[in-house]
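See below for the structure under consideration.
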Amino acid sequence: MKSYEIRRVFLDYFKKNGHTIVDSAPLVPKSDPSLLFVNAGMVQFKNVFLGLEKRSYTRAASCQKCMRAGGKHSDLENVGHTPRHHTFFEMLGNFSFGDYFKKEAIHYAWDFLTNVLNLPENKLYITIFKEDDEAFDIWHKQEGISESHIRRMSEKDNFWAMGDTGPCGPCSEVHIEQGKNELMELWNIVFMQFDRKDDGRLVPLPKPSIDTGMGLERITAVMENVYSNFDTDLFVDIIASIVDLLHVRYGKDEDLDVSIRIIADHLRACVFLIADGILPDKEGRGYVLRRIIRRAMRQGNRLGKNEPFLYRLAPVVIETMKDVYSEIGQMEKFIANVLKNEEEQFSRTLNYGLKLLYEIAEKTSGKVVSGKEIFKLYDTYGFPVDIATDILSERGLKVDLIEFNRLMEEQKKKAKEAWTGSGEEKVAPFYGDMLKRGETKFVGYEKLMEKCKVLSIAKDGVLVEEAQGECDVTFDKTPFYGQGGGQVSDTGRGFSEGLSIKIKDVKRYFGGRIFVHHVNIENGTLKTGNVINLVVDEERRKDIQRHHTATHLLQAALRKVLGKHVHQAGSLVAPDRLRFDFTHFSHLYRKEVEAVERYVNEWIVENIPVCIEWKSYKEALEEGAMAVFEEKYEDRVRVVTIGDVSKELCGGTHVKRTGDIGFFKIIGESAVARGVRRIEAKCGLNAYEYIRRQEDKLWEALNKIKCSSLDELVEKHRELHEELKKTRRLKKEKPVEIKNIRRIDGFDVVSEVLEGYDPSDLRNLSDVLRSRITSGVVILFNKTDGKVGCVVNVSRDAAHRFNASDIVKKISSSLGGSGGGRRDFAQGGGKRVELVEDIIQNIEKYL
């Protein structure tokens with residue numbers, strides 16, 4: 001039985017047994033800020049288990065995408081060296097939320113394994129928590145399993161807890177015999193039956209629940225009768241493509257096989273991470289992706305591939321998995337582009353790292369290279385330690401790996417201590433207390449004014465019965481939109497006899513079950529039970545609606561002009577502006593920006609009706625509705641359709657017709673990250689006011705240079721440009737004399753003050769002066785228009801002693817500004833011109 005059949009029969013089995021089949025959540029956890037990635041099937045149901053979120057079902061089954069790389073849960077270092085460790089994997093699971101418990105859960109597992117998959121009973125073994133006699137009796141008496149095949153285990157092995165306190169309980173595992181005396185875990189069944197209190201007491205839960213998990217890769221290996229997961233149909237095509245592209249053989253040399261398995265595993269991880277909106281970065285999830293890509297590239301190098309190759313293999317992964325996870329098929333071109341760009345960047349990093357490594361080797365007097373130097377090379381430039389070790393050994397040098405490993409452990413410890421979760425806002429405990437007072441019904445799609453009852457009040461994080469001043473409030477219903485989906489919250493006021501409140505912000509928690517209003521009580525005392533007239537600021541809401549509908553039109557226009565690879569990567573919808581981040585690999589040319597802007601305004605002029613409907617998630621996708629891949633949607637979704645222009649899943653507020661937007665103007669286009677661009681725009685009167693301000697500046701410029709028309713301005717600009725070019729040429733031709741040079745640590749340090757230089761000319765001059773001194777540092781200050789710029793240029797042989805970026809940051813800080821750059825060249829500056837001479841006099845402290 002192949003993997004795709006196992007997925008299908010598993011979900012079909014539980015569907016027949018009354019379970020709702022739930023799609024996989026994205027790899028980025030939306031309901032658990034403590035996690036870097038979703039690493040188990042239960043993550044998307046965590047708030048359901050905690051009683052903080054309700055679903056329309058009480059039993060569910062899923063095949064969940066999971067990632068264990070980085071953060072507190074990582075299998076990264078084991079991948080390729082064992083037959084079963086992976087970064088990306090799929091978890092089959094069935095769940096009960098206060099519905100069935102041990103008897104049914106155990107029966108479902110045993111019945112599926114023995115009667116559906118037909119696994120031999122004599123090969124299966126059960127482990128239980130040593131004190132769980134109930135589970136023992138069910139396995140033995142209900143399912144007829146021999147006592148010799150049931151083993152009692154310690155709390156460490158068979159007792160599960162969500163945290164130090166909270167839901168917990170014993171668990172039971174099904175293992176299968178593989179070879180002589182080797183058991184492999186197949187299925188873990190967690191019995192959530194206790195609530196662990198602060199004092200350690202275990203209090204029975206009123207509604208015990210079930211959480212199970214079975215790795216698809218492992219059960220596929222069993223069903224295909226192979227020992228290693230890498231020999232299953234999930235990997236064989238990927239490995240075959242690697243072998244073909246890299247011209248290597250698999251199965252003949254274990255050392256090379258490890259490299260091939262690492263590439264295969266990491267390639268799958270890369271494809272799914274990128275498809276879920278994660279891009280290579282310096283920190284967080286993006287750093288994990290970058291590290292995975294670079295580890296795979298390193299293995300390619302070991303196999304003789306020194307140019308980018310992962311992007312050429314990505315289509316094989318996509319072809320293998322796209323029928324199950326459609327998002328990777330839709331983003332195939334984008335995924336390949338991300339990989340190719342990151343591979344090319346790392347190739348450049350390796351080349352630069354090699355130069356630094358050779359310099360380290362040249363200055364090493366003995367036979368052992370400092371572990372600190374190699375760690376710095378690894379930490380700063382991502383240069384692999386094994387490459388460094390190999391190259392240095394060829395020169396008869398060894399690396400102090402004891403020192404290197406110590407620094408690595410220190411870094412890992414700091415990373416764990418610094419890790420605070422997924423980057424989402426943590427839900428304060430008192431919000432859970434507010435939820436217990438009742439849920440909030442949102443009526444703001446239909447109404448902007450409503451009489452609402454106060455359910456709970458919190459002041460300084462503590463629930464109170466009455467309050468004055470600033471506090472957090474929940475109501476039984478509200479017309480106020482709570483921040484979400486990129487859209488800011490509504491603001492407005494509340495009134496009742498003797499009471500007046502200003503509503504400054506509204507946020508949703510626990511899947512929208514409560515709307516927490518941050519308010520300022522301007523008059524009177526607010527009490528629980530009060531009935532208040534809540535009124536949304538209507539004009540502000542209308543402005544937000546204009547910008548939100550315009551965002552949908554903008555995405556449609558971008559896809560029309562740039563291509564179908566464009567997908568939303570983030571957004572902000574505010575009353576005065578919109579910001580839209582999207583996947584695209586190059587800046588937009590002026591003609592492309594104009595084309596996008598024109599399409600949006602044409603659709604506004606057409607005054608197209610905006611239709612909003614509630615549909616099933618599956619039906620909406622089948623009709624072509626666009627979804628944000630990293631978002632998790634409910635069974636029923638809100639579909640916003642704008643004629644034949646746009647169809648998106650969206651919970652935000654919108655105009656009735658596109659003509660209500662009025663006018664759309666793009667005010668900026670920029671890069672956010674590699675492969676992500678950003679467009680900023682304004683709508684309606686906000687756009688008009690922006691254009692008017694631009695015209696004011698234009699007329700001010702015309703008056704200053706005494707021009708009466710734009711045509712005259714263009715000609716005047718040409719004349720001034722020629723004059724400026726002539727001035728620059730004269731400056732370049734006039735040699736700059738080195739007046740201030742001193743010797744520090746065996747290197748020449750030049751520091752000079754200039755005036756009126758263009759930044760590019762200043763940089764060129766620093767190169768000229770650096771070539772004159774041959775070895776050392778050139779520091780130039782440039783006074784212009786009441787400010788001072790600074791460039792630091794370090795010769796290659798001095799880069800191990802002086803860091804241009806560090807130097808310019810210190811100098812710029814003293815000047816009241818900022819700066820940065822590379823180790824060999826950096827620039828910055830500030831406003832405190834009067835301090836330049838003092839800095840030059842004390843230049844040593846900045847070095």
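Tabulated data
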read-out	value
Rounded Å value of the spacing that divides the Cα centres of the range 436-476 and the range 692-720	55
Difference of contour (0.36 nm per residue) and Cα-Cα distance, His149 to Lys739	203.6 nm
Rg to Rh, two decimals, where the range 537-681 supplies the alpha carbon set and Rh follows Kirkwood	0.94
Per-pair calculated FRET efficiency, R0 = 22 Å: Glu283 and Ser813 via Cβ, rounded to 0.05	0.45
Whole-percent carbon and sulfur share, accessible surface of the range 691-847, 1.4 Å	48
Accessible-area value, Glu723, 1.4 Å probe, nucleic acids and ligands omitted, Å²	120
Selected from Val368, Ile604, Gly819, residue furthest toward positive end of dipole (the chain; charges at beta carbon)	Gly819
Sites Trp614 and Ala240, calculated FRET efficiency, Cβ-Cβ separation with R0 45 Å, nearest 0.05	0.45
Solvent accessible area, Å² - Arg268, 1.4 Å probe, full protein context	0
Structure-based [θ]222 nm, the chain - -39500 (n - 2.57) summed over DSSP H runs of at least 4, per residue, nearest 500	-12000 deg cm²/dmol
Pairwise label distance in nanometres, Glu185 with Ala428, each label 7 Å out on the Cα-Cβ vector	3.8
Rel. contact order, % - alpha carbon contacts under 8 angstrom, at least six apart, the chain	7
Above-threshold pairs, the threshold being 31 Å between Cα atoms, out of Lys504/Lys591; Lys507/Lys647; Lys618/Lys682; Lys783/Lys845; Lys560/Lys615	Lys504/Lys591; Lys618/Lys682
Prolate/oblate/rounded call for the range 766-821, Cα gyration tensor, a/c under 1.5 rounded	oblate
Size-normalised alpha-carbon gyration radius of the range 355-398, reference 2.2 N^0.38 Å	1.01
Nitroxide proxy distance, nm - points 7 Å out along Cα→Cβ at Asp576 and Lys30	3.0
Charge dipole (debye, nearest 20) of the range 83-184; +1 at Cβ of Lys and Arg, -1 at Cβ of Asp and Glu	300
Rounded accessible area of Ile263 (nearest 10 Å², 1.4 Å probe)	0
The range 134-191 and the range 1-48: distance between their alpha carbon centers, rounded to Å	21
Spin-label zone in the range 508-539 - amide nitrogen under 18 Å from a point set 7 Å from the Cα of Arg493 along the C-beta vector	518-526, 531-539
Correct option for Cα Rg over 2.2 N^0.38 Å [calculated from the coordinates] among (1) 1.35; (2) 1.20; (3) 1.12	(3)
Residue-by-residue Karplus 3J(HN,Hα) for the range 103-114, coefficients 6.51, -1.76, 1.60, Hz, glycine and proline x	4, 5, 4, 5, 5, 4, 5, 5, 5, 5, 5, 8
Full-stretch length increase - Lys141, Asn764 - with 0.36 nm per residue and alpha-carbon distance subtracted	215.8 nm
Whole-number D in µm²/s for the range 171-263 (Stokes-Einstein; Kirkwood sum over Cα pairs; 25 °C, 0.890 mPa s)	148
Per residue value of the accessible surface for the chain (all protein chains in place, 1.4 Å probe), Å²	47
The range 536-630, accessible surface, carbon-and-sulfur percent (1.4 angstrom probe)	47
Chain lengthening between Glu712 and Asp255 when straightened (0.36 nm per residue, less Cα-Cα)	157.3 nm
Kirkwood Rh in Å, taken over the range 667-776 so that all alpha-carbon pairs contribute	19.0
The range 3-120, Cα convex hull volume normalised per residue, Å³	126
Most to least accessible of Cys790, Cys611 (protein chains only, probe 1.4 Å)	Cys611, Cys790
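The values are calculated or read from the model by the stated rules, or taken from the named source; none is laboratory data. It should be emphasised that the depicted structure is a prediction, and the values quoted were computed from it without experimental measurement. As a convention, Cβ positions derive from the backbone with ideal geometry for all residues, glycine included, and neighbour counts pool all protein chains shown. The area values use the complete protein model at the heavy-atom level, side chains included, leaving out ligands, DNA and RNA. Shrake-Rupley method; radii C 1.70, N 1.55, O 1.52, S 1.80 Å.
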